[in-house]
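As structure tokens, the structure follows; a few thoughts come after it.
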Amino acid sequence: MIISVPAVMTRHELDQMHDHLNQGSWQSGDLTAGEQAKQVKHNEQLDPNSKLAQQLGDFVLDKLAQHPLFLSAALPLKIYPPLFNRYQDNGTYGFHVDNAVRFISGSATRVRSDLSATLFLSEPDEYEGGELIIQDQFGEHKVKLAAGDMILYPSSSLHKVTPVTQGQRTSVVLWLQSMVKENSHRDMLFNLDQSIQNLTKEHNADHPEVIKLSQLYQNLIRQWADC
Ligand code: NI
């Protein structure tokens, strides 16, 4: 399932982030690509080892940790440090699949990528092209969201970024290992959780059916989650 997560960052936070990013040190995107991806990746990234990238990355992770829809959809266990990238002058990233396992540099931690995410930092009218195209069993999905919104999709899918022919597209990409590995299980849990939350608004958290559905939700998590 492809899920859009709105309003991860506010306008003010985006403005501040752009100010910081403009002063950052940018390098070729090849440096973090696998062998196949390197052939098709033409963009720039903020030096992931810089203090700035780490601080801005932590800020994004903090925002996500407070976002109920993200937590419900992703059920995150481990998140790889966010990577900041930008596309301009026909920058593009052809069809590829993200690496299944990523090693966090300087640590022994490995992250299996179950879900990939792009958090858009530029408004859609600031650049031409730059759509994220995600391929799944239902076809191709074209994604271009407002600044501050994020798209979450299975890392198992092929995806690409079309050439940015005008302007500049800045975004954050991240990969995460979910407590629930199986996409279909995670999707069902997300739908169940959303229904429970809607029912709770309509009735109350102490409505007997809400309590029973919550029990079902928690017991499915107990069965499917690694933690
Ligand atoms: Ni990718």
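Could you list, in sequence order, the residues of the range 30-42 that are under 18 Å from the mean Cα position of the chain (by Cα) and in a helix (DSSP H, G or I)?
Hit for the range 30-42 is Thr32, nothing else.
Taking the range 123-139 as the search range and keeping residues that are more than 15 Å from the ligand (Cβ to nearest atom) and of a type in the set (Asp, Glu), which one is surrounded by the fewest Cβ atoms within 10 Å (Cβ to Cβ)?
Asp125
Could you tell me which residue of the range 83-105 is surrounded by the most Cβ atoms within 10 Å (Cβ to Cβ), considering only residues that are within 22 Å of Cys227 (Cβ to Cβ) and within 15 Å of the ligand (Cβ to nearest atom)?
It comes out as Arg102.
Is it the case that Asp19 is among the acidic types (Asp, Glu) and modelled with pLDDT under 95?
So Asp19 does not fit the description; no.
Among residues belonging to the range 171-183 that are within 16 Å of the ligand (Cβ to nearest atom) and open to solvent by less than 10 Å² (accessible area, probe 1.4 Å), point out the one that is farthest from His18 (Cα to Cα).
Step by step, filter the range 171-183, then rank; the result is Leu176.
Being within 16 Å of the ligand (Cβ to nearest atom), touching a Ser or Thr at 6+ places or on another chain (Cβ under 8 Å) and not hydroxyl-bearing (Ser, Thr, Tyr): is that true of Phe120 here?
Judged against the criteria, Phe120 is a match.
Need the failing condition index for Gln45 against (1) among the polar types (S, T, N, Q); (2) within 16 Å of the ligand (Cβ to nearest atom); (3) in a helix (DSSP H, G or I), just the number.
(3)
Mind checking whether some residue in the range 154-165 is farther than 29 Å from Asn22 by Cβ and away from the ligand (no atom under 14 Å from the Cβ)?
no
Can you list residue pairs whose Cβ atoms sit under 8 Å apart, with the first residue in the range 95-114 being assigned by TED's automatic domain parsing to the domain that holds Glu140 and in a loop (DSSP other than H, G, I, E, B) and the second being more than 16 Å from the ligand (Cβ to nearest atom) and open to solvent by 60 Å² or more (accessible area, probe 1.4 Å)? Count only pairs 6 or more apart in sequence or on different chains.
Pairs that qualify, where the first residue is assigned by TED's automatic domain parsing to the domain that holds Glu140 and in a loop (DSSP other than H, G, I, E, B) and the partner is more than 16 Å from the ligand (Cβ to nearest atom) and open to solvent by 60 Å² or more (accessible area, probe 1.4 Å), are Ile104/Arg110; Ser105/Asn49; Thr109/Lys78; Thr109/Phe103; Asp114/Lys181.
The values are calculated or read from the model by the stated rules, or taken from the named source; none is laboratory data. Computed from a predicted structure; not experimentally measured. Cβ sites come from the backbone with ideal geometry, for glycine too, and all protein chains shown count toward neighbours. We work out accessible area using only protein heavy atoms, side chains counted, and drop any ligands, DNA or RNA first. Shrake-Rupley method; radii C 1.70, N 1.55, O 1.52, S 1.80 Å.
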